[in-house]
Structure formats: C-alpha cells, structure tokens
Amino acid sequence: MRTATEPVLTDDQIALYHKEGYQLVSGLMSEAIADQAEQAMWRLMEMDPADTDTWSRVPESADEFTEGRGVVIFNGLQDHDLMACATEDYLTAVAQLLGEPIGSLHPPEAVHTQNLLQRDVEWSLPRPHVDGIPKMHMHRTFPGPYRITSLFYLSDVEHQGGGTCAWPGSQRKIRELAESDPVAYEHLYDLNKDIPSLDLGEPIELTPKRGDVLFFQHLFGHNGSANVLPKPRFMMRFFCSCERCYSTWKKVDHWGHWAP
Ligand SMILES: O=C(O)CCC(=O)C(=O)O
Ligand SMILES: [Fe+2]
C-alpha cells in the first residue's frame with residue numbers, strides 16, 4: 001500500500017504537464033468519495049438525478065446564475081462531501097507538479113462551483129482564455145495569480161456536454177506574447193484580449209469522468225464549452241481564505257482561489 005509520503009504521479013505525467021501545460025488525472029479520489037461528492041452536487045442543485053424534469057431548474061440557493069453561459073455558481077461551500085475530494089493523493093499530485101515537497105502544501109478551505117445547465121445553442125469550440133482576467137482585480141501577468149490550478153469534475157462529461165477545451169502547449173506561445181511587450185501586457189486583462197489572435201492550433205475538447213481533476217498552469221489557454229445535453233455538468237474549484245491566497249487571487253467576500 002502507498003504511504004502518505006509517496007508520489008502518486010509518474011515522471012511521464014509530470015513531464016507532460018510541463019510540456020503541454022495541463023494534465024487530466026484520474027484516480028486521485030476513491031469511487032466512494034467521487035460518488036458522495038456527486039450526490040452532494042445534486043442536493044445543492046436541488047435536482048433529482050432520477051427525474052430529468054428537475055435538471056433545468058436554477059436552484060434558489062445559488063449565489064449566481066449567468067444565463068448566457070448557463071453556469072450555476074456557489075461560492076465558499078464547505079460541504080463535507082465536496083471537501084473530501086481534497087484527498088492526500090490530490091495534495092501530493094499538486095506538490096509533485098509544483099516541484100514542492102510532498103506534504104508541504106496547506107489544504108483548501110472551501111469550494112466554488114461552475115455547474116453548467118443545458119443550453120439551447122449550436123455547440124461550437126470556444127476561444128481560448130487565460131485565468132485572472134476580471135477588470136476589477138487587474139491581476140499582473142507576472143508572476144500571475146497562481147502557479148497551478150485544478151478543476152474537479154463531479155459528473156461524467158460527454159461530447160458537447162460542457163467539457164473544458166484545452167490548447168496543448170499554448171502556455172509557451174502566450175508567455176512569448178506577454179514577454180514581447182511587458183508594458184502593454186502588464187495585466188492579464190490586456191494580455192487576454194490578444195490571445196485569440198495567436199495561432200494556438202486546434203483545442204482538445206476534454207470529456208472527463210466523474211472524479212477526474214484537470215490541472216493547468218498559469219498562462220495556459222483553455223475555456224469552457226456549452227453544455228447542450230440535458231444532464232448538468234458538475235465542476236468545482238477550491239477556495240481558501242488565508243492571507244496569501246486571498247491577496248494573490250481574491251474572488252468573492254473573504255475568499256480567494258486556493259493558490260498553493
Ligand atoms: O467551465 C469550464 O469548463 C472552464 C471554466 C474556466 O475557464 C475556469 O474555471 O477557469
Ligand atoms: Fe478559465
């Protein structure tokens with residue numbers, strides 16, 4: 001059996017993460033943890049997984065619903081079944097990808113959801129973005145608001161069901177653009193506007209399974225895509241209120257994105 005100090009990712013996975021800027025990883029939580037977390041999402045969404053009529057409802061208790069994207073946002077949830085996804089194996093994988101000692105990272109404190117409801121649009125590939133772009137925060141491009149981030153999928157995502165799109169290797173071309181004019185691109189807000197003009201190649205539409213975690217780097221080009229299927233797509237990211245996370249990547253209230 002693995003002990004808590006042993007690595008979980010292979011050298012190949014780590015090398016690919018550095019080369020391509022991202023890595024989709026399965027098995028960082030048990031099936032039982034993933035199942036409990038999915039059930040927690042159904043509860044929060046005030047939906048019955050056995051009754052498709054409930055799947056298009058916007059839950060009363062949501063913090064935000066953006067109709068244009070069909071996204072249901074809850075901020076700062078500390079539901080036990082969702083927080084259980086921050087397993088030792090997950091924290092070990094993050095440490096490995098960052099090149100930090102295993103066991104040295106502070107754990108996240110809460111969850112931010114980005115659940116996608118079905119939209120009545122023609123599905124198409126999105127345009128790439130980098131994170132940290134809201135004008136109100138004016139995040140600096142360097143060193144950027146995070147080194148690594150993680151998206152947790154808590155439902156199986158089918159083709160056109162709200163998979164995140166990833167541009168492999170895009171972080172290098174986006175960094176080159178940023179470095180080509182440090183004044184014009186001092187802020188991610190301005191850098192992001194010019195990203196669609198780069199030739200980043202074809203994106204990959206990821207179709208993750210429940211319990212999979214997508215890791216990506218600062219300056220990695222990605223974006224969500226519409227969910228045109230009836231089943232909601234469940235996805236979450238972690239929040240933290242510690243001074244360092246809050247000051248590097250403040251999000252809402254006293255929460256920042258967890259930025260180890
Ligand atoms: O909804 C998605 O698949 C991706 C959302 C996104 O771009 C993000 O959380 O940074
Ligand atoms: Fe993003």
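Coordinate-derived values only; no laboratory data. The structure presented is a predicted model; accordingly, all values stated were derived computationally and were not measured. Positions of Cβ are generated from backbone atoms using ideal geometry, with glycine treated the same way; all protein chains shown enter the neighbour counts.
How much length, in nm to one decimal, is gained on full extension between residue 135 and residue 54, taken as 0.36 nm per residue of separation minus their Cα-Cα distance?
Separation in residues times 0.36 nm, less the Cα-Cα distance, equals 25.6 nm.
How many angstrom separate the Cα center of region 63-102 from the Cα center of region 1-42?
Here the two parts' Cα centres lie 12 Å apart.
Is region 60-129 best put as rounded, prolate or oblate by its Cα gyration tensor, with a ≥ b ≥ c the root eigenvalues, rounded for a/c under 1.5, and otherwise prolate when a/b is larger than b/c, oblate when not?
Oblate is the answer for region 60-129, as a/c is 1.5 or above yet b/c matches or exceeds a/b.
Would you check the chain for Lys pairs whose C-alpha atoms are within less than 16 Å, ignoring same-chain pairs closer than 8 in sequence, and give me the count?
6
For a protection proxy built on the mean count of beta-carbon atoms within 10 angstrom, sort 180-189, 39-48 highest first, please.
Ranking, from highest mean packing down: 39-48, 180-189.
Tell me whether region 169-260 comes out rounded, prolate or oblate; compute the Cα gyration tensor, take square roots of the eigenvalues as a ≥ b ≥ c, and use a/c under 1.5 as the rounded threshold.
It comes out oblate by the Cα gyration axes.
Among rounded, prolate and oblate, which fits the chain when a ≥ b ≥ c are the square roots of the eigenvalues of its C-alpha gyration tensor, a/c under 1.5 means rounded, and a/b larger than b/c means prolate?
Cα axes put the chain in the rounded bin.
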